[in-house]
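Below you'll find the structure, written out as structure tokens, and then a few comments.
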Amino acid sequence: MSKILPGTKTTRMELLALKNRMKLAERGHDLLREKRDSLIMEFFNAIAEIKEAREKVDSTLSDAFSALTQAKMIMGPARVIEFAYASKFEAELDITTRSMMGVRVPVLSVEQHSPKLPYSLSDSSTKFDIMGEKFKEALKAIVRLAEIESTVKRLALEIERTKRRVSALETVVIPRLDATVRFVKLALEERDREDFVRLKMVRDWITAEEEH
């Protein structure tokens, strides 16, 4: 494939336009490289957060299931299930987004609602209430982990897209613009030389005519 842009005219106006396009391409390349580097930094920050978030999920779920086991031991499995259904616990997930280096990433929050106790405290155990609180903490940790993991995926996709655009500018767009600028310059310089030679020939002819 020719490096010269198709339809290029060898005029000074075209040369000026090509130089302007070259400047814009180089500026865009610099900005995209800065964006790519910033995205990579945010990506690794999020990766570090994922490790902490996963550990949080593991620990809160472990505590919650431990509390569940204790509640079953004291109240009996059937009683725990009965109270769990009666509690009518509700959770609402709210999803919004925010911009991170031009990338829309999710912001998740969960609202947990526990209606008034539908059972007598004397019929239950504090272990059941502790179990409920532990599972609430675990749900928050799970939602936070989902938010970070989704952010990582979106950042990874944008990094890949940005890298492709940087590569295209480096290996295709800018080299072709540069080659086309040099081609037009050479064509104009050749034309100037031809014009100079013609002008000199005309002057020599006029001088010769005047001498006769």
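The values are calculated or read from the model by the stated rules, or taken from the named source; none is laboratory data. Just so you know, these numbers come straight off a predicted model, no measurement behind them. Note that each Cβ is placed from the backbone with ideal geometry, even for glycine, and that neighbours are counted across all protein chains shown. Accessible surface is based on the protein model in full, side chains and every heavy atom, while ligands, DNA and RNA are left aside. Shrake-Rupley method; radii C 1.70, N 1.55, O 1.52, S 1.80 Å.
Couple of notes before you dig in:
- Among residues of the stretch 12-25 that are more than 14 Å from V173 (Cβ to Cβ), those with a beta-carbon under 7 Å from a residue that is part of a helix (DSSP H, G or I) at least six positions away or on a different chain give the pairs R12/L188; E14/V184; L15/V181; L15/V184; L15/K185; L15/L188; K19/V181.
- Qualifying residue in the stretch 149-163 (condition: more than 32 Å from the chain's Cα centre (by Cα) and in a helix (DSSP H, G or I)): no
- For the residues E189, E170, E194, the requirement of being part of a helix (DSSP H, G or I), open to solvent by 70 Å² or more (accessible area, probe 1.4 Å) and touching a residue at least 60 places away in the same chain (Cβ under 8 Å) singles out E170.
- Residues that are modelled with pLDDT under 90, surrounded by 10 or more Cβ atoms within 10 Å (Cβ to Cβ) and among the polar types (S, T, N, Q), drawn from the stretch 86-138: S87, Q112, S114, S124, S125, T126
- In the stretch 137-144, the count of residues that are touching a residue at least 24 places away in the same chain (Cβ under 8 Å), over 28 Å from R98 (Cβ atoms) and assigned to a helix (DSSP H, G or I) is zero.
- Being out of contact with any Pro (no Cβ under 6 Å at 6 or more places or on another chain), within 16 Å of L177 (Cα to Cα) and assigned to a helix (DSSP H, G or I) holds for only one residue in L31, L16, L61, and it is L16.
- Any hit, the stretch 92-99, residues being part of a helix (DSSP H, G or I) and either within 17 Å of the chain's Cα centre (by Cα) or among the aliphatic types (A, V, I, L, M) (or both): no
- Residue in the stretch 60-79 that is in contact with a strand residue (DSSP E or B) (Cβ under 9 Å, 6 or more places away or on another chain), open to solvent by 80 Å² or more (accessible area, probe 1.4 Å) and on the phi < 0 side of the Ramachandran plot present: no
- So L24, is it among the hydrophobic types (A, V, I, L, M, F, W, C), more than 25 Å from L139 (Cβ to Cβ) and open to solvent by 50 Å² or more (accessible area, probe 1.4 Å): yes
- For the stretch 80-107, residues that are on the phi < 0 side of the Ramachandran plot and in contact (Cβ under 8 Å) with a residue 40 or more places away in the chain total 12.
- Restricting attention to the stretch 27-58, the residues that are open to solvent by less than 100 Å² (accessible area, probe 1.4 Å) and in contact (Cβ under 8 Å) with a residue 40 or more places away in the chain add up to 16.
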